[in-house]
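For reference, the structure is listed below as structure tokens.
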Amino acid sequence: MSLRVLLVEDDRELRATLSESLRVEGYDVLPAASLADAHALMAHADAQGGIHIVLLDLGLPDGDGESLLAALRQARSTPVIVISARETEAPKIRLLDAGADDYLVKPFPLGELLARMRVALRHRGTATQPAVTRYAQGDLLIDLRAHRVQRGGDDMHLTPTEFKLLARLVRSAGQVVTHRQLLADVWGAEFTEHTHYLRLYMGQLRAKLEADAADPQRLLTEPGVGYRLVEGDD
Ligand code: CA
């Protein structure tokens with residue numbers, strides 16, 4: 001059975017182009033031009049096995065896509081990728097903290113969308129299976145269970161906090177994790193404003209895990225939003 005995508009986008013041309021491209025990739029696409037359409041399609045799809053992933057525009061004729069995200073998060077764990085023309089950072093962070101899996105600013109290359117969809121689907125797919133404990137990318141090998149990090153076959157020594165931060169990123173590999181999520185999960189809910197902790201520890205991790213800490217290829221900065229560990233090799 002192909003994976004069912006709910007595409008909520010009021011721009012007719014973009015909706016048609018994306019629908020066509022996603023169908024070519026083998027997805028079953030349900031296009032919605034408004035929030036009302038989206039709710040109707042979701043109710044209908046529930047009877048047929050539900051929706052596997054939602055692509056959500058924010059500015060819609062009958063309201064803001066953010067309200068659909070809130071409704072989705074109350075009842076389900078369906079991954080949601082926000083696709084929006086809004087470039088200001090505050091809503092981006094708010095949406096990620098509210099449970100969106102990722103965020104793409106229009107216009108975006110199709111390949112980027114497909115990659116983010118794969119990552120989001122994989123993360124949800126493993127939700128009922130054992131958590132991710134191994135990550136491999138190039139010469140970097142991370143084994144969370146064994147508490148081991150190797151680069152080029154050599155054991156790297158990480159402090160407990162560095163390891164905790166890295167482990168959090170490994171568990172969301174390929175996805176952006178906001179500053180707030182990282183601070184809350186690694187240091188605790190009362191530390192969510194202490195972004196300087198993150199800068200400090202990310203610098204230390206990059207010095208240990210990147211070939212050139214000044215030009216990171218693994219621990220990527222999402223400006224104003226958070227960090228993303230690149231997807232591991234499969
Ligand atoms: Ca729109």
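Only the coordinates and a few stated rules stand behind these numbers; no lab work does. On a predicted model such as this, the values are computed, not experimentally measured, just so you know. Reconstructed Cβ throughout: ideal geometry from the backbone, glycine too, with neighbour counts over all protein chains shown.
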Which residues qualify? For Met156, with a placed amide H closer than 5 Å and at least 5 residues away or on another chain, they are Val149, Gln150, Arg151
If Val24, Val80 are placed from fewest to most neighbouring beta carbons inside 10 Å, the sequence is Val24, Val80
Only helices counted: for the chain, with every DSSP H run of 4 or more residues adding -39500 (n - 2.57) and the sum spread over all residues, [θ] at 222 nm is -12500 deg cm²/dmol
Total charge of the residues flanking Leu200 in space, meaning their Cβ is under 13 Å from its Cβ, with Lys and Arg +1 and Asp and Glu -1, is +1
Two pseudo-spin positions, 7 Å from Cα along C-beta at Ser2 and at Glu89, lie apart in nanometres by 3.9 nm
Kirkwood calc, the chain, C-alpha pairs only, radius in angstrom 18.9 Å
Whole-number value, in Å³ per residue, for the convex hull of the alpha carbons of region 4-123 is 97 Å³
Exposure-ranked with fewest Cβ neighbours within 10 Å first, His157, His123 stand as His157, His123
The Cα extents of region 187-227 along the principal axes, largest first and rounded to whole Å, are 34, 19, 12
Note to self: C-alpha centroids of region 201-234 and region 33-50 sit apart, in Å, by 38 Å
Scaled by the rule-of-thumb 2.2 N^0.38 Å, the alpha carbon Rg for region 134-229 gives a ratio of 1.01
Assertion target for Phe191, Phe163, Phe108, ordered by fewest C-beta neighbours within 10 angstrom first, is Phe108, Phe191, Phe163
